[in-house]
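Below: the structure, in structure tokens.
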Amino acid sequence: MLSDQQIIGQVIKGKAEMFGELVARYQTPVFRLAFSILADRAEAEDAAQEVFIRAYSKLSSYTDSGKFWGWLRRITVNICLDKIRPYTVISLDDVNEIPAQSGDSVYESVACSTEATELRETIYQLPPAYRSVIVLKYLEDMNYAEIAEMLGESIPNVRVRIHRAKKMLRERMKVCAQ
């Protein structure tokens, strides 16, 4: 079994058919991430196709310094955010909330729910700007700095968005439990 870097090297050298190996390896994680952000199966499928088209066209710019999945994940998030960006305008001018504590877990925050699927459905109902930060933080296990870099936001803005998203989740999960 060839490594990602070996396959990339062959694709760059002209064996375009080898790119199918990378698609086969990463189509499921790309779709899952896209679906987690977009919360729409058809949109996620479209996004996944765009991801692989963009990855193929930009493959020569991939550097061996990082893992291929990290590079592909960044492309996936960017494409998904491009799809929802018209709806993600958030005013942070009046922010006076305290950011979430670092040890705070979204799963602990909604302890009233025992069903992970209920939580996932509630996450999908969040506005896209809040859903994306929750997905990146808790499902993709990214830290604040990584999220901020990926979204082109400041770390304090990411903290505020996560805090607000968790607050929305708590409120919505309480309604579901009643």
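Take each peptide in 13-19, 30-36, count the other Cβ atoms within 10 Å of every residue, and average; sorted highest first, the result is 30-36, 13-19.
With 22 Å as the limit, the listed pairs LYS67/LYS167; LYS67/LYS137; LYS15/LYS83; LYS83/LYS137; LYS58/LYS137; LYS13/LYS58 have LYS67/LYS167; LYS15/LYS83; LYS58/LYS137 beyond it between alpha carbons.
Near the amide H of ASP40, within less than 5 Å, lie no amide hydrogens of residues on another chain or at least 5 residues away, with H placed in the peptide plane. For MET1, neighbours were defined as the other residues whose beta-carbon sits under 15 Å from its Cβ, and their charges (Lys and Arg +1, Asp and Glu -1) total -1. You can think of it this way: the chain between LEU2 and ARG25 has 7.1 nm of extra reach, that is 0.36 nm per residue less the Cα-Cα gap. Compared with the rule-of-thumb size 2.2 N^0.38 Å for a compact globular protein, the range 4-86 has a Cα radius of gyration ratio of 1.07.
Per residue, how much accessible area does the range 4-86 have with a 1.4 Å probe, in Å²?
Details: 4450 Å² over 83 residues.
Accessible surface, normalised per residue, equals 54 Å².
In this label model, ASP82 and GLU43 are separated by 1.6 nm, measuring between points 7 Å along each Cα→Cβ vector.
The values are calculated or read from the model by the stated rules, or taken from the named source; none is laboratory data. As the structure is a prediction and not an experimental result, all values here were calculated from the model. Don't worry about glycine lacking a Cβ; one is built from the backbone with ideal geometry, like all the others, and counts go over all protein chains shown. For the accessible areas, the whole protein counts, side chains as well, though only heavy atoms, and no ligand, DNA or RNA atoms are used. Shrake-Rupley method; radii C 1.70, N 1.55, O 1.52, S 1.80 Å.
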